[in-house]
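This report refers to the structure that appears directly beneath it.
The values are calculated or read from the model by the stated rules, or taken from the named source; none is laboratory data. Owing to the predicted nature of the structure, the values given are computational and were not obtained by experimental measurement. As a convention, Cβ positions derive from the backbone with ideal geometry for all residues, glycine included, and neighbour counts pool all protein chains shown.
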């Protein structure tokens, strides 16, 4: 069995070591971007930040095959099928959208960081092919406890919300302010794993 890694909040910058040509279109202050247009010629682009706009549909990104990091957090996106061509993607932020199904990511096998938190997602079977995925953020989703336990069997870092939910569900009388004592929380979780509690 592979070891589950529990970390404190991990900054995606430290994980991905973002480098290369960047286009930052987040929180522009002009009428928010509602669709992705005229980016297909930017084929050397490594990072694209579209955080905090009003994007509903993902299209026009399929030719950006050199893209390594894509931030689509805090938009109105419902489907992500169009991301399958982005095979060099290492980091993907989809936080706080309206995505209910994870599909179209199976071919992005280089992905190591995925944030799908704050979406009405209940199943994440599609991430099984993402063999390089190390950091998965699933806070405030509708993912069932059993599925979280299955994820915990892989070498994937779950962020604090779900780590502690697993522990607290098994030990309802256990309380710990893990923001002040993250090392103790981590040690406790590892102890529970060793003892198979």
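Here are the numbers for this structure:
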read-out	value
Counted residues, the range 71-112 - those being more than 11 Å from the chain's Cα centre (by Cα) and not in a loop (DSSP other than H, G, I, E, B)	3
Some residue of the range 113-136 being within 14 Å of the chain's Cα centre (by Cα), closer than 24 Å to residue 63 by Cβ, surrounded by fewer than 16 Cβ atoms within 10 Å (Cβ to Cβ) and modelled with pLDDT under 80	yes
Single residue of 61, 39 found to be in contact (Cβ under 8 Å) with a residue 12 or more places away in the chain, part of a loop (DSSP other than H, G, I, E, B), over 16 Å from residue 119 (Cβ atoms) and touching a helix residue (DSSP H, G or I) at 6+ places or on another chain (Cβ under 9 Å)	61
Hits in the range 71-82 - residues which are surrounded by fewer than 23 Cβ atoms within 10 Å (Cβ to Cβ) and under 18 Å from residue 127 (Cβ atoms)	73, 77, 79, 80, 81, 82
Residues within the range 42-55 that are closer than 24 Å to residue 100 by Cβ and surrounded by fewer than 16 Cβ atoms within 10 Å (Cβ to Cβ), tallied	1
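Rundown of residues vs (1) within 27 Å of residue 141 (Cα to Cα); (2) surrounded by fewer than 20 Cβ atoms within 10 Å (Cβ to Cβ); (3) at pLDDT 65 or above, yes/no style:
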site	(1), (2), (3)
5	yes, yes, no
16	yes, yes, no
22	no, yes, yes
40	no, yes, yes
85	yes, yes, yes
88	yes, yes, yes
